[in-house]
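Input: a single structure, listed below in structure tokens.
Please treat every number below as a calculation from the coordinates, not as lab data. Note that this is a predicted model, so its numbers are computed, not measured. Here Cβ is always computed from backbone atoms with ideal geometry, including for glycine, and neighbour counts include all displayed protein chains.
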Amino acid sequence: MATLVAFLNRFTWAGAADRSASTVDNRAQAATKPAAQPFLLRPFPGEEIYFVPKRLDNSRVVREADPAAAKQQIATFSGATVAAFLVILLLGLPQFYRTMAGFQVEKLKAEQDKLIQQKTELIVEEASLTRLERLSELAAAKNLVEPKPNSVVHLKNLHRRPDQAKKTDGPTGVVPAKEIAQ
């Protein structure tokens, strides 16, 4: 089926097979007598060729095994699998890090709440321990009394060395044992 005209000739014109056999004669006649048959077209190249389909039976044909091709297929499949895994890993890695960061944030929030609770408990405990009534009860239980006004020694200029202290500054931080006992 070289051209549409040759295909249509099979169905429309009677004697298409005779015409295809005498194509060379028709060409010669068309060249010599153009007015004798005005409805004939100029012949197309390859118009006389007809392709007839032929059924082929390849059911008994068996492909020969090629071990090199099998190895190449395995290598190609393995490479494609590794490449796909790496692409999925690289695309999923940021999401994994975001998820882990979210867990870390929640863990830190829980720890902050726990520390705030502990701080509140410690403030309450400190307030209860430093209550003036409690301190006076502890002092009475241990026989502690308030010092007399003349038994208190005020230490001034503790950050200076004794040789740098002025004579009018008073004691320099060194108190004799006799003064403490009085």
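Couple of notes before you dig in:
- Odd one out for GLY92, checked against (1) assigned to a helix (DSSP H, G or I); (2) touching a residue at least 12 places away in the same chain (Cβ under 8 Å): (2)
- Of all residues in the stretch 50-97, those being surrounded by 10 or more Cβ atoms within 10 Å (Cβ to Cβ) and either acidic (Asp, Glu) or within 23 Å of the chain's Cα centre (by Cα) (or both) number 17.
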